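Only one structure is covered here, and it is reproduced in the block below.
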Amino acid sequence: MRFLGLAVVASAVLALGACSKGTDHTNDSANAANAAATPAPAAAGAMAAGTMKPITGTTHEVKMIGDEKGYRFEPAETTIKAGDGVKFIMVTGGPHNVAFEEVNLNPIAKGQLIANMGPDVVSELSSKYMQTANEEYTISFAGVPAGTYDFVCTPHIAFNMKGKIIVQ
């Protein structure tokens, strides 16, 4: 019973502390305007890579499949050269998309990927959703530094639909 009393008192103290922070809201609109005018450091660094660059080499195809064998990219791993492109083709089991994982991306690589993904994106590193058979999405890897670029299909991430592009 003593423990229950302490728990109730502790909960009340925490609740009152949270409610009584005494925040001054008189400059909220000025603070919001200043925050909007100041770019976040990561975004400024990511966008430093700049403009969309066209494919100057080979275009490799990756099929997006969902069937009785499961959800997958075929091939799941593709090795390309800088300047090549990758065309993702929706075959079955959509909707599918291509979403690059940010975990190991440096700001230059991220910025160039964002620029090269073009206007058909849902968010910074995620392509449009492809719904119908033979729908395509192509991305240039021109200007993208050598490295490994992991990606997933967002709607089927729970089914382990993931892939990798290795730029040499």
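The values are calculated or read from the model by the stated rules, or taken from the named source; none is laboratory data. Keep in mind the model is a prediction, meaning the values are calculated, not measured. Cβ: placed from backbone, ideal geometry, glycine included. Neighbour counts: every protein chain shown. Note: areas computed on protein heavy atoms with side chains; ligands, DNA, RNA excluded. Shrake-Rupley method; radii C 1.70, N 1.55, O 1.52, S 1.80 Å.
Taking amide H atoms as placed 1.01 Å from N in the peptide plane, the amide H of Gly93 lies under 5 Å from those of Gly66, each 5 or more residues away in sequence or on another chain. With protein chains left intact and a 1.4 Å probe, residues in segment 73-155 average 41 Å² of accessible area per residue. Computed extension length for Asn104-Thr132: 6.9 nm, one decimal, from 0.36 nm per residue of separation with the Cα-Cα distance subtracted. Name the lysines eligible as straight-distance cross-link partners of Lys110: C-alpha to C-alpha under 29 Å, and not fewer than 8 places from it in the same chain. Those lysines meeting the cut-off are Lys53, Lys63, Lys81, Lys87, Lys128, Lys162, Lys164.
Annotation: for a label point projected 7 angstrom from Cα along Cα→Cβ of Val122, residues of segment 51-85 with backbone N closer than 16 Å are 64-66, 72-73.
The slack between Lys81 and Thr56, meaning 0.36 nm per residue of separation minus the straight C-alpha distance, is 8.0 nm. Amide H contacts under 5 Å for Phe88: Val62, Tyr137, Thr138, Ile139, restricted to partners 5 or more places along the chain or on a different chain, H placed in the peptide plane at 1.01 Å from N.
Each eigenvalue of the Cα gyration tensor of segment 71-168, multiplied by 5 and square-rooted, gives one semi-axis; in descending order these are 20, 14, 13 Å.
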